[in-house]
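Please read the structure below before turning to the comments.
The values are calculated or read from the model by the stated rules, or taken from the named source; none is laboratory data. Please read all numbers here as calculations on a predicted model, not as lab measurements. For neighbour counting, all protein chains shown are included, and Cβ atoms are generated from backbone atoms with ideal geometry for every residue, glycine included. All accessible areas refer to the heavy atoms of the entire protein, side chains included, with ligands and DNA or RNA removed. Shrake-Rupley method; radii C 1.70, N 1.55, O 1.52, S 1.80 Å.
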Amino acid sequence: MEQYCGRPLGLKFDLKTCELYIADSSFRLMKVGPNGGIASLLANTAEGIPFGFTNGLDIDYDNRLIYFTDSSSNYRQW
């Protein structure tokens, strides 16, 4: 059911904005606002290449950058 429900593998809470960033293996890079609700998509491709298995992230609070990992551009988990 992962391809339908998602699988969050990386989570990071932004202490400045109170937003939760999510690296999800199925739904890619997402964010939930400070009031909760449904996560919104931030990115699912880079330079036209779809993410394959987004699984970790970190936030650079000084430069307001989000770093994340994508383990495969060829294969999906399922």
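Miscellaneous remarks
- Some residue of the range 56-76 being at pLDDT below 90, on the phi > 0 side of the Ramachandran plot and under 13 Å from the mean Cα position of the chain (by Cα): no
- Scanning the range 18-64 for residues that are of a type in the set (K, R), open to solvent by 30 Å² or more (accessible area, probe 1.4 Å) and in a strand (DSSP E or B) yields a single hit, K31.
- Filter pass, Y67 being assigned to a strand (DSSP E or B) and exposed (fewer than 12 other Cβ atoms within 10 Å of the Cβ): yes
- Hits in the range 1-39 - residues which are under 25 Å from N63 (Cα atoms) and among the β-branched types (V, I, T): T17, I22, V32
- Residues that are of a type in the set (A, V, I, L, M), under 10 Å from the mean Cα position of the chain (by Cα) and over 20 Å from S71 (Cβ atoms), drawn from the range 1-38: L20
- Count of the range 1-10 residues which are surrounded by 13 or more Cβ atoms within 10 Å (Cβ to Cβ) and free of Cβ contacts under 8 Å to residues at least 24 places away in the same chain: 2
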